[in-house]
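The structure under discussion appears below in the form of structure tokens.
The values are calculated or read from the model by the stated rules, or taken from the named source; none is laboratory data. Remember, it's a predicted structure, so these values are computed and weren't measured experimentally. Here the Cβ positions follow ideal geometry from the backbone for every residue, glycine too, while neighbour counts run over all protein chains shown. For the accessible areas, the whole protein counts, side chains as well, though only heavy atoms, and no ligand, DNA or RNA atoms are used. Shrake-Rupley method; radii C 1.70, N 1.55, O 1.52, S 1.80 Å.
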Amino acid sequence: MAFDPVPLFFVLGFLARLARSDLKIPGQLYEALSIYLLLAIGLKGGVELAKEPFFEVAPKAGVTILLGVLIPLVAFPILTRLGRLPRPDAASIAGHYGSVSAVTFAVALDFLRAKNVPFEAYAPLFLVLLEIPGIIVGILLARMGNLQTVRWGPLAHEVLLGKSIVLLAGGLVVGWLAGPEKIAPLEPFYFVGFKGALSLFLLEMGLVAAGQIDALKRAGVFLTVFGVVMPLISATLGFIAAAIAGLSAGGAMLLATLAASASYIAAPAAMRIAVPEANPALSIGASLVVTFPFNILVGIPLYYFVSQQIIG
Amino acid sequence: MAFDPVPLFFVLGFLARLARSDLKIPGQLYEALSIYLLLAIGLKGGVELAKEPFFEVAPKAGVTILLGVLIPLVAFPILTRLGRLPRPDAASIAGHYGSVSAVTFAVALDFLRAKNVPFEAYAPLFLVLLEIPGIIVGILLARMGNLQTVRWGPLAHEVLLGKSIVLLAGGLVVGWLAGPEKIAPLEPFYFVGFKGALSLFLLEMGLVAAGQIDALKRAGVFLTVFGVVMPLISATLGFIAAAIAGLSAGGAMLLATLAASASYIAAPAAMRIAVPEANPALSIGASLVVTFPFNILVGIPLYYFVSQQIIG
Amino acid sequence: MAFDPVPLFFVLGFLARLARSDLKIPGQLYEALSIYLLLAIGLKGGVELAKEPFFEVAPKAGVTILLGVLIPLVAFPILTRLGRLPRPDAASIAGHYGSVSAVTFAVALDFLRAKNVPFEAYAPLFLVLLEIPGIIVGILLARMGNLQTVRWGPLAHEVLLGKSIVLLAGGLVVGWLAGPEKIAPLEPFYFVGFKGALSLFLLEMGLVAAGQIDALKRAGVFLTVFGVVMPLISATLGFIAAAIAGLSAGGAMLLATLAASASYIAAPAAMRIAVPEANPALSIGASLVVTFPFNILVGIPLYYFVSQQIIG
Amino acid sequence: MKTRATRQLVVIIAEEAIEGLLTTDVMRLGAHGYSVCEVRGQGSRGSRSGEWEAAKTVRIEVLCSPEVADAILDHVLTHYFRHYAVVAYTFEVGVLRPEKF
Amino acid sequence: MKTRATRQLVVIIAEEAIEGLLTTDVMRLGAHGYSVCEVRGQGSRGSRSGEWEAAKTVRIEVLCSPEVADAILDHVLTHYFRHYAVVAYTFEVGVLRPEKF
Amino acid sequence: MKTRATRQLVVIIAEEAIEGLLTTDVMRLGAHGYSVCEVRGQGSRGSRSGEWEAAKTVRIEVLCSPEVADAILDHVLTHYFRHYAVVAYTFEVGVLRPEKF
Ligand SMILES: Nc1ncnc2c1ncn2[C@@H]1O[C@H](COP(=O)(O)O)[C@@H](O)[C@H]1O
Ligand SMILES: Nc1ncnc2c1ncn2[C@@H]1O[C@H](COP(=O)(O)O)[C@@H](O)[C@H]1O
Ligand SMILES: Nc1ncnc2c1ncn2[C@@H]1O[C@H](COP(=O)(O)O)[C@@H](O)[C@H]1O
Ligand code: NA
Ligand code: NA
Ligand code: NA
């Protein structure tokens, strides 16, 4: 049997770090690759968006935003009631799961391309739309009753002008303004090389995730289980939203993957500023060490299978 | 209307930094891309140079060097008389405008390639030849009368063995020694990926330029105007030089762009050592924050248009 | 005459540093390129390994390991008797020459590909197998009699889980598990770009090697001569091993190159921990400043010529 | 050795997420400058390798008057120590151009 | 300026090859944390540019009690000074939350 | 805590453009070594982010005798303070192997 190499790179990195290999990530390579991947996703989406009439996309965008608001509202009571977590921790974790992981999305994109499954090519727009609402809902859940304690200024900044939003949305706009023909000469750099860059990034994510295994220990059994169950719940919500929005099987699979993914870049940064009393080890343990690998290795093939059954 | 994406990347970076986004440039990605771009430009030029007879190129090279000497001599009185700048500042700025910006040249190259305009393919040689003379003239202007105060040793080093000269000239020599056939297997890396790498570099230049906006404020209104007018004067001189040298329309456009561009790497480093009393904020404000974007966004299309009118 | 550009990049870096140019290597670009090259070599080898029956490869692997044990045993008496070096220094240097340089191997691979010479495509396996035995033999030679003084724990770690082994062996396994079809979409990134990345890495190696010229001075005349003669001896042993293993001319050339190459990454790190009293300047002076350039510039064409004479 | 004017050097080691907040506060409290370098390390919250966004740590050093040093340290103590990974210390140094700090 | 509890800051500059050994030893000898940054430099063994594996140098700083500082410095002196490129020094600093160190 | 021989630690924070000049001068003035790390920061000349060539800042630390420390600081004061972005300070530290510095 032939395995897909992209997730294997993650496994390689994960095992190398667990075995305490001295293989290290040059921090700036990590940053360079993430800049590249975000721009590439945005550009591609922007080129496609230019082809779509506005009224075709707008309602789908609306449903997507609602999905981003809904997921943390579902996650929060699970975390406080079942998990008996204090409000700040529960709210912060809910915010992480309401937001998204761009790399998980990239792996899903690559999965569909490898299988030649068609999908709404402007799907990166969903990624952009889903990043922020979940984080805001998470902060509101944490601060209910005393909203005046939040330093909204630096926070709005952190959330709206964070690296990933700027690159994704910026890429969308550049792609949209330039259009397919003018973007064509950038293809070898941004698109032909995409899968390779993604493989290298997943190697690094494997090292990073295994390096956070301590965080998982502090997170405990409940959050470990949560890290597997919550993506399944969110993916289900994602499929429902996709049905409402009338997406294709491929598009539904992408939206389910986005819903199932949890943020480990934008949300941690925002929560450190907005909800400092939340223990970052808990949210990172769950989102990065459990949910991220789960989605890469099990979730994506699963959501694909489901999408083909119910829509394809 | 479809925009060229390369300048859009600059605008994206510029706006992101103005909005105080936390998008940061990994310093070593900046360095890696600039090494790559300089080598790629040099290599391509070297391959082409191998095809040209020496007596064909030599007179054009001579005219180019004269151009590099002339520009700071024209800029200096404008800066001292009209701008009432002290001698060291005026001389330093004149030196910046006498030298060149390799990235501006790269954007012009890419512009011509996208339009399939033919040009003297050994044009990178002009870039190499224009980097140093302007800097030396600038230093001489600053030190007229007391040349013995200059630490010539470290300076010669800085100027002759600076990163950009070594990579450009080194690339030229490697390309020349290897020839087209042996360079061919390097094409996918150095040439097919060129435009993509350039787009990423311009994103970074946008961030850098906007980060120097304070320098522009210190530079004031006169230098802001100078940053737009001087490239037009230099470009005109560049066109005259091109006519004397008998270049094609494409080659003339490239020489005009080089003349119009101002150094923000080699010249600042050399001036810090040779003319420390010149305020670096002034030269960087003008060359990086005004002239660089002006050339990328307005100058290059303009010089192209002019070249087609007068020669094409 | 047209030169191969890859070694020219090394020469460019070497001369730039000798001339004390300020051209610097961004440390993380160096690391990024070495991660990339090691993974690319491993992946390619793994894909090919999947095609070979085990009993075909196993005896060749056995011969390769023996070669790795033999070389330091040959080098050690030369270093102690002829060179009159103290035991720790001689043992450490012997270990460096028993181990291998992946970049030298990469240049040899590229050399054969450029000439379209066929070779056992799973040859990267030899590289993996040869990295460790030489180092272990070197340490044993240094510690003969008092093995209990070695901190074996951290050492085993350093040697078995060092960066290069993890990436090469990891790449092999990923390539092997994924197979040719699934690896195909990674080709543009890992294989088409290989020669370009190698050229950039050699530029950096040139800078690094010239930066260690002081080490060579401390190493002295004997080690300078050793750095040229030892690769010739090892290459001869490599050819004999290749003949025993029944390799093709291309494979024999690769094995001879590996034998001739000396480690400058894995071995120095291991020796600092295992044999701290050995002066690292000596081994690095010989392996990096003499043997590495010798192999790149003279050795590889020579081993190729010999392989064609005796086998091709 | 010559006698020189003295100032305090305050060093704050903290997670990078709050670098922006800290440096803004430091300047607001009267410092005239600061220098930041990236570190990796270990402490009571485990190891911080610096490999990815949330694991980065910075070391901020501020040369300032004793009064400003007190203000900075008190501020760090009240506002950041409880919830953030922060280490802070101070010591006296001899400076050139004391009027600058 | 307020009077503060004092501790020792120990700084060790050493080749990166032994960073792992040194930090393990530092923690074993009683320190509760450390911070590492990468440096380049020059010394009796020539210039160390940090460009490639074997030329990297790290600067390790440890805030600790005077007893632990003594233990660390003595350990470095006996175990590392002979064969490795190492520089070490210590000085007293005023700290917040002294019980942490 | 043991009594140790003391030396001066001199720290110079300066724009990277003059790193080469400064380190050459430092060695010429009698230091036996130095360590450099890259920083970013803010001061009277505004913010220096380190993102590109002209915005880089370095922190040079030199462990040396009090006499050499004086010589270095005086030299920096006369030759660099006027035109360059430079900060310098010094303090006493306890060292191992004092004869090395
Ligand atoms: N004793 C110490 N000496 C030096 N640095 C420390 C020390 N303790 C903690 N740190 C640094 O401060 C960061 C946060 O510490 P902590 O909050 O204790 O986890 C660590 O990652 C280290 O970089
Ligand atoms: N006097 C000094 N001041 C500051 N750092 C030093 C000094 N001497 C040596 N170093 C640092 O320690 C490293 C090793 O020094 P050495 O063992 O003397 O070659 C050097 O590369 C420098 O980074
Ligand atoms: N008070 C200070 N404390 C620490 N570092 C400073 C201070 N003032 C300036 N610096 C550093 O020195 C550089 C140049 O300072 P300046 O010449 O004041 O602009 C700044 O970019 C900072 O990195
Ligand atoms: Na989600
Ligand atoms: Na110019
Ligand atoms: Na060998």
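Results, tabulated for the structure shown:
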| item | result |
| --- | --- |
| Whole-Hz ³J(HN,Hα) from phi, Karplus 6.51 cos²θ - 1.76 cosθ + 1.60, for segment C:155-166, glycine and proline x | 5, 4, 3, 4, 7, 7, 10, x, 3, 5, 4, 4 |
| Taking only Cα atoms of segment C:83-170, radius of gyration then Dmax in Å | 15.9, 50 |
| Cβ charges +1 (Lys, Arg) and -1 (Asp, Glu), total dipole of chain B, debye | 620 debye |
| For the protein assembly as shown, projected area of the alpha-carbon convex hull averaged over all directions, nm² | 47.2 nm² |
| Axis-proximal residue, chain C, for the rotation superposing C on A (Cβ, Å) | C:Gln28, 3 |
| Calculated over segment D:5-93: convex hull of Cα atoms, volume per residue (Å³) | 87 Å³ |
| Heavy-atom accessible surface that C and A bury in contact, both chains counted, 1.4 Å, Å² to 100 | 2200 Å² |
| Chain D: angle of helix D:19-28 to the longest principal axis, Cα-based, in degrees nearest 10 | 20 degrees |
| Pseudo-label separations to other copies for E:Glu99 - Cα-to-Cβ vector, 7 Å, nm | 4.6, 4.6 |
| Cα pair count fraction exceeding 21 Å, expressed as % - segment C:29-185 | 53 percent |
| Listed residue (A:Leu216, A:Gly171, A:Gly196) projecting farthest to the positive dipole end of segment A:143-239, Cβ model | A:Leu216 |
| Segment E:5-93, dipole about Cα centre (Lys/Arg Cβ +1, Asp/Glu Cβ -1), debye to the nearest 20 | 180 debye |
| For segment B:271-280, 3J(HN,Hα) per residue [Karplus equation, 6.51 cos²θ - 1.76 cosθ + 1.60, θ = phi - 60°, Hz, x = Gly/Pro] | 5, 4, 8, 8, 10, x, 6, 6, 6, x |
| Cβ-based charge dipole, the protein assembly as shown, positive-most Cα from B:Ala108, D:Val76, F:Val58 | D:Val76 |
| 23 Å Cα-Cα reach of F:Lys56 towards lysines, excluding residues that sit fewer than 8 places from it in its own chain | A:Lys163, B:Lys24, B:Lys163, B:Lys217, C:Lys24, D:Lys56, D:Lys100, E:Lys56 |
| Summed buried accessible area for F+B [probe radius 1.4 Å, Å², rounded to 100] | 1600 Å² |
| All lysines inside 21 Å of C:Lys115 as judged from Cα atoms, apart from same-chain residues fewer than 8 positions distant | B:Lys182, C:Lys44, C:Lys195 |
| Straight-distance crosslink candidates among aspartates and glutamates, where the alpha carbon sits under 12 Å from F:Lys2 and sequence neighbours closer than 8 are dropped | E:Glu67, E:Asp70, E:Asp74 |
| Mean separation of Cα contacts under 8 Å, 6 or more apart, over the residue count of segment F:5-93: relative contact order % | 49 percent |
| Charge-dipole axis of segment C:1-128 as Lys and Arg at +1 and Asp and Glu at -1 on Cβ define it, positive-most pick from C:Phe3, C:Pro26, C:Leu82 | C:Leu82 |
| For segment A:12-26, Karplus couplings with θ = phi - 60° (6.51, -1.76, 1.60), whole Hz, Gly/Pro x | 4, x, 4, 5, 4, 5, 4, 7, 6, 4, 7, 4, 10, 8, x |
| For segment C:63-114: Kirkwood Rh in Å [reciprocal of mean 1/r, alpha carbons] | 12.2 Å |
| Distances in nm from B:Lys115 to the matching label points in the other copies, shortest first (labels 7 Å along Cα to Cβ) | 4.7, 4.7 |
| Rounded percent of accessible protein surface that carbon and sulfur make up, the protein assembly as shown, 1.4 Å probe | 65 percent |
| Check: the protein assembly as shown dipole with +1 on Lys, Arg Cβ and -1 on Asp, Glu Cβ, in debye | 1300 debye |
| Distribution of pairwise C-alpha distances over segment B:237-286, 10 Å bins, in % | 25, 33, 24, 17, 0 |
| In Å, descending, principal axis extents of the Cα set of chain C | 52, 48, 40 |
| Square roots of five times the Cα gyration tensor eigenvalues for segment B:1-87, Å | 33, 28, 14 |
| Euclidean distance between Cα centres, segment D:43-63 to segment C:176-191, Å | 37 Å |
| Rotation relating E and F, chain F residue nearest the axis via C-beta, angstrom | F:Cys37, 3 |
| Label geometry 7 Å along the beta-carbon vector: C:Ala243 inter-copy distances in nm | 7.5, 7.5 |
| Residue-averaged 222 nm ellipticity for chain A, from DSSP H runs of 4+ at -39500 (n - 2.57), nearest 500 | -24000 deg cm²/dmol |
| Nonlocal amide H pairs with C:Leu23, under 5 Å, H built at 1.01 Å | B:Lys163 |
